[in-house]
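So the structure is just underneath, and the comments pick up after that.
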Amino acid sequence: MTDELPGTDAIAEAVGERQFAAGEPLLRIDGVAKTFGTFRAVDGVSLDIKAGEFFALLGPSGCGKTTLLRMLAGFEAPDQGRILLGGKDIAQALPHERPINMMFQNYALFPHLSVRDNIAFGLKRAGMARADIATRVAEMVALVKLDGLEKRKPDQLSGGQRQRVALARALARRPQLLLLDEPLAALDKKLRESTQGELMELQRRLGMTFIIVTHDQEEAMTMASRIGVMRDGKLAQVASPRGLYEAPRSRWIAEFVGDVNLFDAESKLRDGHRLVIGTRDAGPLVVAEPREPFGEVRLSVAIRPEKVKLSRRGPVREAGHGTAINQLDGVIADICYLGGTTTYKVKLDAGGMLQASVANSARLDVDAYSLNQPVVAWFTPDDCVVLPS
Ligand SMILES: Nc1ncnc2c1ncn2[C@@H]1O[C@H](COP(=O)(O)OP(=O)(O)O)[C@@H](O)[C@H]1O
Ligand SMILES: [Mg+2]
């Protein structure tokens with residue numbers, strides 16, 4: 001049996017020592033599925049990752065993110081599908097034989113080992129020479145800025161420091177691919193933001209490939225060059241941060257990624273390369289023609305709150321837009337001051353509510369709106385996205 005398993009050498013030969021140039025295909029996930037009992041935790045995921053990418057898997061709790069990572073790392077075996085690294089199927093390779101390392105969500109540090117020994121753990125197991133281990137650990141300690149803390153135990157460290165130990169341990173064997181499962185979830189907001197920047201800088205400097213799991217859409221958008229949104233074990237959309245936010249493929253994705261105004265379509269009427277969509281709550285809305293036709297499914301119109309402009313009297317008509325600007329009357333029904341922006345809820349005369357997010361570009365509130373003030377909310381057809389609902 002063991003004879004048939006490719007050992008470390010076979011894997012090293014296949015993928016290990018070879019460095020992949022940025023942009024080369026590194027990982028192929030091909031129709032991978034995993035069922036626990038009767039529950040399909042991962043349901044036919046296919047995805048290609050290129051060397052040097054910073055990829056984020058984004059999805060709500062329980063959608064299968066950790067299970068997918070565990071299969072990549074070799075802690076779970078897929079029921080279906082293949083995982084190829086550098087074109088070679090790694091199904092039979094044990095976790096420590098894969099040039100892949102995983103940083104666990106709870107860090108999983110060894111409580112009885114010092115920082116130094118936690119970082120050295122995988123290197124010792126791989127049989128690295130003592131002197132080389134010392135050099136590598138020192139390198140890692142400097143890399144994640146843990147100098148002076150080498151002898152401490154995990155319970156003598158702050159949350160942020162523990163996170164760095166886990167990161168250093170995961171990086172120590174210089175994996176081709178690093179999997180990070182909610183690496184920043186345990187940190188407070190300020191520390192999380194600075195650590196995001198550090199992780200990005202580290203990834204660039206090492207020229208490594210990162211797959212990060214997060215349920216936080218801002219974190220995914222900040223760090224990753226591509227994002228895969230997971231829902232119920234499936235990949236719902238793979239896109240750049242901008243693509244995901246500005247061109248979500250479904251109503252669910254639009255709502256999951258950021259705030260959005262959504263109006264159910266009741267009728268549609270073609271007008272050149274524009275559509276006029278009748279909605280109950282916002283009246284007729286002029287929208288740009290969707291790139292792909294949706295057929296006869298139910299549609300809704302999505303408008304991000306920051307695309308909605310408010311004014312006291314309506315917009316000055318710009319040349320070219322003509323009468324195509326959507327202009328909705330209403331009154332201010334709710335005001336939420338958030339510092340950099342203020343979110344206004346406008347109760348539309350048509351009946352619905354529309355959120356507008358307005359930048360507070362001046363310190364004094366001369367331009368602010370007050371409760372019950374009549375306003376005109378407006379946005380262009382291109383600000384609207386038509387989605388299947
Ligand atoms: N070992 C397991 N046995 C049974 N069910 C599991 C196991 N691991 C995960 N699950 C279930 O699979 C689903 C996906 O889990 P997980 O991959 O951890 O989600 P996520 O990381 O996206 O929150 C969850 O409903 C979870 O309860
Ligand atoms: Mg998880």
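General observations
- Beta carbons closer than 6 Å, at least 6 apart along the sequence or on distinct chains, pair a first residue in the stretch 62-85 that is within 14 Å of Ile100 (Cβ to Cβ) with a second that is within 16 Å of ligand 2 (Cβ to nearest atom) and assigned to a helix (DSSP H, G or I) for Glu76/Arg70.
- The stretch 138-179 - residue that is over 30 Å from Ala51 (Cα atoms) and hydrophobic (A, V, I, L, M, F, W, C) and, of those, farthest from the chain's Cα centre (by Cα): Leu149
- Odd one out for Val287 among (1) touching a Cys at 6+ places or on another chain (Cβ under 7 Å); (2) modelled with pLDDT of 95 or more: (2)
- Close pairs (9 angstrom Cβ cut-off, 6 or more residues apart or separate chains): without any contact (Cβ under 8 Å) to a residue 24 or more places away in the chain in the stretch 99-119, among the aromatic types (Phe, Trp, Tyr) anywhere: Asp117/Phe110
- Residues in the stretch 333-389 that are assigned to a loop (DSSP other than H, G, I, E, B) and hydroxyl-bearing (Ser, Thr, Tyr) were compared, and the one that is farthest from Ala265 (Cα to Cα) is Ser361.
- Within the stretch 134-166, no residue satisfies the criterion of being on the phi > 0 side of the Ramachandran plot and in contact with a Pro (Cβ under 7 Å, 6 or more places away or on another chain).
- Residue ranges of strands (runs of 3 or more DSSP E) in the stretch 36-108 with at least 3 members among the charged types (D, E, K, R) and surrounded by fewer than 21 Cβ atoms within 10 Å (Cβ to Cβ): 39-50
The values are calculated or read from the model by the stated rules, or taken from the named source; none is laboratory data. Quick caveat, the model's predicted, so the values are computed rather than measured. Here the Cβ is made from the backbone with ideal geometry for all residues, glycine too, and neighbour counts use every protein chain on show.
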